[in-house]
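The structure under discussion appears below in the form of structure tokens.
The values are calculated or read from the model by the stated rules, or taken from the named source; none is laboratory data. In this text the structure is predicted, and so the values were computed from the model without any measurement. Methodologically, a virtual Cβ is constructed for each residue, glycine included, from the backbone with ideal geometry; neighbour enumeration extends over all protein chains shown. Please note that ligands, DNA and RNA were not included when accessible areas were found on the heavy atoms of the full protein model with its side chains. Shrake-Rupley method; radii C 1.70, N 1.55, O 1.52, S 1.80 Å.
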Amino acid sequence: MKLTLLCVGKLKERATSDWINEFLKRLHKYCRLDIEEIKESSVAKEGEELLRRIRDDDFVIVFDRHGNSM
């Protein structure tokens with residue numbers, strides 16, 4: 001299985017890079033995890049870039065700090 005994490009902006013916060021490194025450590029035995037950063041710009045351009053990188057057969061999960069918890 002291959003997972004791709006699309007991130008808007010640089011992953012510069014220490015807490016963010018800590019949980020990413022922890023995920024990489026835990027998941028590397030089970031799947032391949034790629035992290036791709038998208039340059040910050042206008043919301044419309046960021047959205048276009050995200051949609052460009054998502055294929056029709058991809059399963060998409062969105063993580064938003066302002067979103068609702070499931």
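Observations
- Those aspartates and glutamates that a straight Cα-Cα span of less than 20 Å connects to LYS29, excepting residues fewer than 8 apart in one chain: ASP18
- Per residue, the range 12-70 exposes 100 Å² of accessible surface when a 1.4 Å probe is rolled over the protein heavy atoms with every protein chain present.
- Calculated P(r) tail over 21 Å for the chain, as whole % of Cα pairs: 33
- Near GLU22, once Lys and Arg are set to +1 and Asp and Glu to -1 for all other residues with Cβ below 15 Å from its Cβ, the sum equals +2.
- Between ALA44 and SER69, residue separation times 0.36 nm minus the direct Cα-Cα distance comes to 6.5 nm.
- Straight-line cross-link partners of LYS39 among the lysines, defined as a Cα under 17 Å from its Cα and at least 8 positions apart when in the same chain: LYS10, LYS12.
- Relative contact order, percent, the chain [alpha-carbon distance under 8 Å, six or more residues apart]: 38
- Based on DSSP H segments of at least four residues, each scored -39500 (n - 2.57), the chain has a per-residue ellipticity at 222 nm of -11000 deg cm²/dmol.
- Total formal charge among the other residues, if their Cβ is under 14 angstrom from that of SER41, Lys/Arg +1 and Asp/Glu -1: -1
- Amide H contacts of ILE38 (H built 1.01 Å from N, under 5 Å, at least 5 apart or other chain): CYS7, VAL8, GLY9
- Modelled FRET efficiency - R0 25 Å, TRP19 with LEU51, Cβ distances, 0.05 increments: 0.45
- Cβ-based net charge around ARG53, under 14 Å, with every Lys or Arg adding one and every Asp or Glu removing one: -4
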